[in-house]
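Visitor: Here's a structure for you.
The values are calculated or read from the model by the stated rules, or taken from the named source; none is laboratory data. Everything quoted here is computed from the prediction, not taken from an experiment. Neighbour counts are summed over all protein chains in view; Cβ atoms, including those assigned to glycine, are modelled from backbone coordinates with ideal geometry.
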Amino acid sequence: MKLILLGAAGSGKGTLAKKITRDFNIPQLSMGDMLRDIASSGSELGKKIADYQKRGALVPSDIVSDVIKERLSQSDCTNGYILDGFPRSLEQAEILKGITEVDAVISVELPFEELEKRLVSRRTCPKCGDIDNTEYEGFTGNCRVCQTPLFQRDDDKPEAIKARLEVYKNNVTPLINFYSDRLFTVSSKGSPDETYRPVKTFLDDLGA
Ligand code: AMP
């Protein structure tokens, strides 16, 4: 089953992906994470990527295209995958079409004011990538999974958040039309489990 997950930063897209991975046994390919890994390597390419990421701007499509091609060629992708954060523009959707067709596109939707609110209070674990929120009950500042002190990503700071949400609106909205024949839309206003329930039913029926 080859899926694309669309959703702005803070929409709960990553949490949803983890549930799909668990139940359908396909890997989550997070473009943001893959790019951050390269950025933290300190290579010339990494420095270039880090500069785009810090500003909340899109990394150029030729770089992203190489990253996704390499990842899709790995053996854990043979039964399918969840593309998380790719494609993020029509140009990237065309690149993907040249590589493979996908079975379905799931769009996770939340009003922008709510996204902004969730993002400024989001904290990330530098070690395992788990995400917590200062507004959640029981927040301690340490990772719930591995107890490492959490940090605020540079692009979760208010200036970058506005840029990211704007970029998202401009680039991803056309994708909703591009994939209209295979689109499933879900609101993430409720809890993660409430968001997942209709998605699971849809994917069970899809059975690809
Ligand atoms: P994310 O973790 O998905 O919020 O992505 C963080 C940052 O990585 C974005 O603000 C972009 O700078 C970069 N990025 C992630 N996915 C893509 C993509 N498909 N195309 C270009 N840049 C991307």
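Visitor: Take the residues of region 1-45 that are modelled with pLDDT of 90 or more and polar (S, T, N, Q): which is nearest to the ligand (Cβ to nearest atom)?
Guide: It comes out as 30.
Visitor: Further question on the same structure: Pick from 47, 54: which is surrounded by fewer than 14 Cβ atoms within 10 Å (Cβ to Cβ) and either assigned to a helix (DSSP H, G or I) or in contact with a helix residue (DSSP H, G or I) (Cβ under 6 Å, 6 or more places away or on another chain) (or both)?
Guide: Exactly one residue qualifies, and that residue is 47.
Visitor: Further, regarding this structure: Answer yes if at least one residue in region 32-52 is in contact (Cβ under 8 Å) with a residue 24 or more places away in the chain and closer than 22 Å to residue 101 by Cα, and no otherwise.
Guide: Yes, some residue in region 32-52 is in contact (Cβ under 8 Å) with a residue 24 or more places away in the chain and closer than 22 Å to residue 101 by Cα.
Visitor: In region 57-86, which residues are over 13 Å from residue 2 (Cα atoms), near the ligand (Cβ under 7 Å from one of its atoms) and not in a helix (DSSP H, G or I)?
Guide: Listed by number, the residues that qualify are 57, 58, 59, 85.
Visitor: Looking at (1) away from the ligand (no atom under 13 Å from the Cβ); (2) over 28 Å from residue 204 (Cα atoms); (3) of a type in the set (Asp, Glu), which one does residue 51 not meet, given that it meets all the others?
Guide: (1)
Visitor: Restricting to region 87-102, and then to whatever is under 18 Å from the mean Cα position of the chain (by Cα) and outside any helix (DSSP H, G or I), can you tell me which residue is farthest from the ligand (Cβ to nearest atom)?
Guide: 102
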